[in-house]
Amino acid sequence: MTVAVTGTSGHLGRLVVDSLLAHGTAPGDVVATARDVAAVADLAERGVVVREADYDRPETVKGALAGVDVLVLVSGSEVGRRVEQHRAVVEAALAAGVSRLVYTSAPRATTSALVLAPEHKATEELLAASGLSTTVLRNNWYTENYVADVLRARETGEIVASVGDGRVASASRADFAEAAAVVALEALRDGAHDARCTSSGETSPGRTTTWRPPPPRSSTGLWRTAG
């Protein structure tokens, strides 16, 4: 049984592969796809099957998914082009006989006002109409997205954001990657992918934080409130 992960030259895709291997999946049962296979040459050295898959070149995706049972589709990063890119992957998965597709979406994608949500909503609708057995993971915000703000605050002593009392529920990319890997492995192990069904879940840490000082794990004296 084989599980494939797309976008493995990116942060999240690479971490999903790492998590699959950490769970004891045989490297030869993991297919890592990337637009530039040279960028994931180290995975090939670890025994992972590396294949080219360029979302903008559907013929490469079809070849990359040959013999794949479960596919983790890491959403593309090119805003404005992702629906058609994802469509190419879904069509390739259907042609290859993929049994279960796991998609990394956005929080509350069908109702959110987030500017990135419409493409995720359209992809979820595409998956629902495809007939593929699908699991949608609506990943919340990456904690790593705050690194630049924290580094800036280290220099200025201030963190500036127009969030008021708004709260966030972020988690690390590694945590979201672990969730995707576990879902994919459970589909392989339990045979749940044989049922033509669609499920979705909001993936978040279950806790929220604010921008008000002192943020969790910040050092004393790092922050001060502006204005």
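Read-outs: derived from the displayed coordinates by stated rules, not from any lab. Everything numeric in this text was worked out from a predicted model, so none of it was measured. Cβ coordinates were reconstructed from backbone atoms using ideal geometry, including for glycine residues, and neighbour counts include every protein chain displayed.
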| Distance in nm between pseudo-label sites at Arg46 and Asp165 (7 Å out along the Cβ direction from Cα) | 4.5
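What GluC sites (Glu not before Pro) does segment 11-110 have in DSSP loop regions with at most 13 other beta carbons within 10 Å?
Values: sites: Glu45, Glu52, Glu59, Glu78, Glu84, Glu91; in loops: Glu78.
Passing both the DSSP loop test and the Cβ count: Glu78.
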| query | Over what distance in Å are the Cα centres of segment 94-150 and segment 175-190 separated? | reply | 15
| query | Under the Karplus relation 6.51 cos²θ - 1.76 cosθ + 1.60, θ = phi - 60°, what is the ordered set of whole-Hz ³J(HN,Hα) values for segment 87-104, x standing for Gly and Pro? | reply | 4, 4, 6, 4, 5, 5, 5, 4, 5, 7, x, 4, 8, 9, 10, 10, 10, 8
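Using R₀ = 25 Å, calculate the FRET efficiency as 1/(1 + (r/R₀)^6) where r is the Cβ-Cβ separation of Arg57 and Ala122; round to 0.05. Walk me through the numbers on the way to the answer.
On the way: r = 21 Å, r/R0 = 0.83.
FRET efficiency, Arg57 to Ala122: 0.75.
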| remark: The answer for Thr135, listing residues at least 5 apart or on another chain whose modeled amide H is closer than 5 Å to its amide H, is Leu101, Val102, Tyr103, Ser199
| task | Distance between Cα centroids, segment 1-41 to segment 43-91: provide it in whole Å. | result | 11
| said: At 7 Å along Cα-to-Cβ for each site, give me the label-to-label distance between Val115 and Glu84 in nm. | reply: 2.1
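At most 15 other Cβ atoms within 10 Å and a DSSP loop assignment: could you name the trypsin sites (Lys or Arg not before Pro) in segment 112-196 that fit?
Working: sites: Lys121, Arg138, Arg152, Arg154, Arg167, Arg173, Arg189, Arg196; in loops: Arg196.
Those that pass, being in a loop and sparsely packed, are Arg196.
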| query | Karplus couplings for segment 41-55 from phi (6.51 cos²θ - 1.76 cosθ + 1.60, θ = phi - 60°), rounded to Hz, Gly and Pro as x? | reply | 4, 5, 5, 4, 5, 8, x, 6, 6, 10, 9, 6, 8, 9, 3
